[in-house]
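J.: Here you go, one structure.
The values are calculated or read from the model by the stated rules, or taken from the named source; none is laboratory data. Because the structure is predicted, anything quoted here is derived from the model rather than measured. Heads up, the Cβs are rebuilt from the backbone with ideal geometry, glycines too, and the neighbour counts pull from every protein chain shown.
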Amino acid sequence: TTTTATASAESEEPSDKYFAVIHARVHTVTGPVLEDATVLCKNGRIEAIGADVRLPDDCEVLDARGMNVYPGLVAAGSSGIFGGGDPRDSTNLFGLNMTLGLAAGITTALAGNDVGKLTYGTTEGMLLRRNAFVNLRYDAGRPLDKAQLRADLQRVRDYLRDVRRYEIDKQRDEDAKPPEKDWLKGKYENYRKLLAGEAVAIAAANRAAELLDYADLSERFGFHLVLRGAVEGWTVADRLGRAGIDAIVTPRATVPPDERTARPTGSTIENAAKLREHGVTVAVVPGSTGIALWGLAGRDLFHLNMEAAFAVRGGMSNDDAIRAITIDAARILGVDDQVGSLEVGKDADMLVCDGDLLHFMTQVHYTIVNGVVAYDKSNESLFAHIRPEGEPAPVQFDDIWPRRLEWRD
């Protein structure tokens, strides 16, 4: 028997949870940089941003005076953060890898073919998107497979055309028969989603000839394509831009030029900048996307934001480089309506750091996921000893080699 008091308690709606970061320099990414601003979150989403935001009485407050706030970083490729299969069933929610990712300011990552959030200690709100892409292979060294893929796509395109014709015919003829679709399963169903605009294709390609083949294929059949790698994309950037292709690149990828050819080949640190200049939406990932004390997350020069900084070295603007690890990466993953920028209505995912995000001395002090502090540098043993007061000014080195950091006690 349920008592009246119990019934009353069960009928009560859970109270709203407010969280705010105050007195921060807020980099919205899609809008202006706001000085001495507040980001107010309600139930895991951004409620308001500005200098004169009024806080509720029961609001949890994080004073970020003198610090910078950016959207949580979006890694367009990762391994080691989430488990296999459904990440909600296989991820170590309290593991070191999760903490390392959050210490890097990463709040969203592509793992396998799923897009998930680094929700430390809980699976609530973890999974953003399952089966984000349809994987394609269209390799020059496999001509029979290339021909089969074109034939399969053509078969699906003919089916979709027959469906449209049937929709017209049945308005005039009640006995009109729909096209046969028992075969439309497995790879064919994936191709149907591609051609119907319900899914996005992804493929790994680096050489210019391969990139052009993929551009021709996507334009011929009218589907959206993301290229992973695209090392020689800079040589055909205009063509990729016209085809509406997106790219996930590593600015520091090193491939020597082919001296047997007269055309430009190999890699360049300018790749990301040139692709962006020609209208290609670019996401940046480091050469190693594993979670460890190196690679995607870890305090060395293979960090995610450091790879974006090297894109700047190659000619990309600071703003575009930050976009490549936030909103543009989110767009490529198909989750930009939820994450990637600081906007009212979006998920309250952000990082608080003590300097410019692209500076190698900058440390992430807090990472917030869904309006909850998922990482606090001072409470973790990983980096708590590094500039514990959060002094934003970088250590000044002299010209003596080897240089040594002067850690503060």
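J.: State which residue is surrounded by the most Cβ atoms within 10 Å (Cβ to Cβ) when the search covers only the stretch 41-63 and only residues that are under 23 Å from the mean Cα position of the chain (by Cα) and under 22 Å from K377 (Cα atoms).
T.: It comes out as C41.
J.: Mind listing whichever residues of the stretch 310-326 are surrounded by fewer than 24 Cβ atoms within 10 Å (Cβ to Cβ) and on the phi < 0 side of the Ramachandran plot?
T.: Of all residues in the stretch 310-326, those surrounded by fewer than 24 Cβ atoms within 10 Å (Cβ to Cβ) come to 310, 312-315, 317-320.
Those that are surrounded by fewer than 24 Cβ atoms within 10 Å (Cβ to Cβ) and on the phi < 0 side of the Ramachandran plot: F310, V312, R313, G314, S317, N318, D319, D320.
J.: If I filter the stretch 81-128 down to residues being more than 16 Å from H303 (Cα to Cα) and of a type in the set (S, T, Y), which single residue comes out as surrounded by the fewest Cβ atoms within 10 Å (Cβ to Cβ)?
T.: Top of the filtered list is S90.
J.: Let me ask another. Considering G279, G222, G229, G233, which residue is touching a residue at least 24 places away in the same chain (Cβ under 8 Å), more than 25 Å from P143 (Cβ to Cβ) and out of contact with any Cys (no Cβ under 8 Å at 6 or more places or on another chain)? Outline the logic, then answer.
T.: Numbers: G222 fails: more than 25 Å from P143 (Cβ to Cβ); G229 fails: more than 25 Å from P143 (Cβ to Cβ); G233 fails: more than 25 Å from P143 (Cβ to Cβ).
It is G279.
J.: Find the residue count for the stretch 133-189, including only residues that are farther than 21 Å from I202 by Cβ and among the hydroxyl-bearing types (S, T, Y).
T.: Qualifying residue count for the region: 2.
J.: I've got another one for you. Can you run down the residue pairs with Cβ atoms below 7 Å, 6 or more apart or on separate chains, where the first is in the stretch 325-338 and free of Cβ contacts under 8 Å to residues at least 60 places away in the same chain and assigned to a loop (DSSP other than H, G, I, E, B) and the partner is surrounded by 21 or more Cβ atoms within 10 Å (Cβ to Cβ) and of a type in the set (V, I, T)?
T.: D336/I327
J.: Further question: Determine whether E219 is under 30 Å from D114 (Cβ atoms), among the charged types (D, E, K, R) and buried (at least 21 other Cβ atoms within 10 Å of the Cβ).
T.: On the way: under 30 Å from D114 (Cβ atoms): yes; among the charged types (D, E, K, R): yes; buried (at least 21 other Cβ atoms within 10 Å of the Cβ): no.
So E219 fails the test.
J.: Within the stretch 271-287, which residues are crowded, with 17+ Cβ neighbours inside 10 Å and within 15 Å of E307 (Cβ to Cβ)?
T.: Answer for the stretch 271-287, where residues must be crowded, with 17+ Cβ neighbours inside 10 Å and within 15 Å of E307 (Cβ to Cβ): N271, A272, A273, L275, R276, V282, A283, V284, V285, P286.
J.: Name the residues in the stretch 172-193 that are farther than 11 Å from V134 by Cβ and not in a loop (DSSP other than H, G, I, E, B), would you? Don't jump to the end; show me each part of the working.
T.: The initial filter retains those residues of the stretch 172-193 that are farther than 11 Å from V134 by Cβ, namely 172-186, 188.
Hit for the stretch 172-193 is Y188, nothing else.
J.: Continuing with this model, one more query. Considering only residues that are of a type in the set (F, W, Y) and outside any helix (DSSP H, G or I), look in the stretch 112-171 and name the one that is nearest to D376 (Cα to Cα). Walk me through how you get there before you give the answer.
T.: Here is the first cut: in the stretch 112-171, the ones of a type in the set (F, W, Y) are 120, 133, 138, 159, 166.
Adding the requirement that they be outside any helix (DSSP H, G or I) leaves 120, 133, 138.
Values: Y120: 12, F133: 33, Y138: 45 Å.
Selected residue: Y120.
J.: Okay, moving on. Could you list, in sequence order, all residues of the stretch 238-256 that are closer than 21 Å to I325 by Cβ and surrounded by fewer than 16 Cβ atoms within 10 Å (Cβ to Cβ)?
T.: As a first pass, look at the stretch 238-256 and keep what is closer than 21 Å to I325 by Cβ: 240-241, 245-254.
Passing the criteria: only T254.
J.: In the set S317, S341, which member is of a type in the set (S, T, N, Q) and either within 16 Å of the chain's Cα centre (by Cα) or within 18 Å of A76 (Cβ to Cβ) (or both)?
T.: On the way: S317 fails: either within 16 Å of the chain's Cα centre (by Cα) or within 18 Å of A76 (Cβ to Cβ) (or both).
One residue alone meets the criteria, S341.
J.: So for the stretch 103-111 (the condition being aliphatic (A, V, I, L, M) and more than 14 Å from the chain's Cα centre (by Cα)), does at least one residue qualify?
T.: So in the stretch 103-111, the residues aliphatic (A, V, I, L, M) come out as 103-104, 106, 109-111.
Pick out the ones that are also more than 14 Å from the chain's Cα centre (by Cα) and you get 103.
Within the stretch 103-111, one or more residues are aliphatic (A, V, I, L, M) and more than 14 Å from the chain's Cα centre (by Cα).
J.: Restrict the check to the stretch 262-275 and report whether at least one residue is closer than 30 Å to E189 by Cα and touching a residue at least 24 places away in the same chain (Cβ under 8 Å).
T.: no
J.: Next up: Select, from L96, L110, the only residue that is under 25 Å from G229 (Cα atoms) and of a type outside the set (V, I, T). Spell out how you get there, then give the answer.
T.: Values: L96 fails: under 25 Å from G229 (Cα atoms).
Being under 25 Å from G229 (Cα atoms) and of a type outside the set (V, I, T) holds for just one of L96, L110, which is L110.
J.: Also, I was wondering about something else. Report yes if some residue within the stretch 148-157 is more than 19 Å from L351 (Cβ to Cβ), without any contact (Cβ under 8 Å) to a residue 12 or more places away in the chain and surrounded by fewer than 13 Cβ atoms within 10 Å (Cβ to Cβ); otherwise report no.
T.: There is at least one residue in the stretch 148-157 that is more than 19 Å from L351 (Cβ to Cβ), without any contact (Cβ under 8 Å) to a residue 12 or more places away in the chain and surrounded by fewer than 13 Cβ atoms within 10 Å (Cβ to Cβ).
Quick grid of which residues meet (1) modelled with pLDDT of 95 or more; (2) farther than 19 Å from V231 by Cβ; (3) among the aromatic types (F, W, Y); (4) touching a helix residue (DSSP H, G or I) at 6+ places or on another chain (Cβ under 7 Å):
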| position | (1), (2), (3), (4) |
| --- | --- |
| P257 | no, no, no, no |
| T261 | no, no, no, no |
| N271 | yes, no, no, yes |
| H278 | yes, no, no, yes |
| A283 | yes, no, no, yes |
| I291 | no, yes, no, yes |
| E307 | no, no, no, no |
| A324 | yes, no, no, yes |
| L333 | yes, yes, no, no |
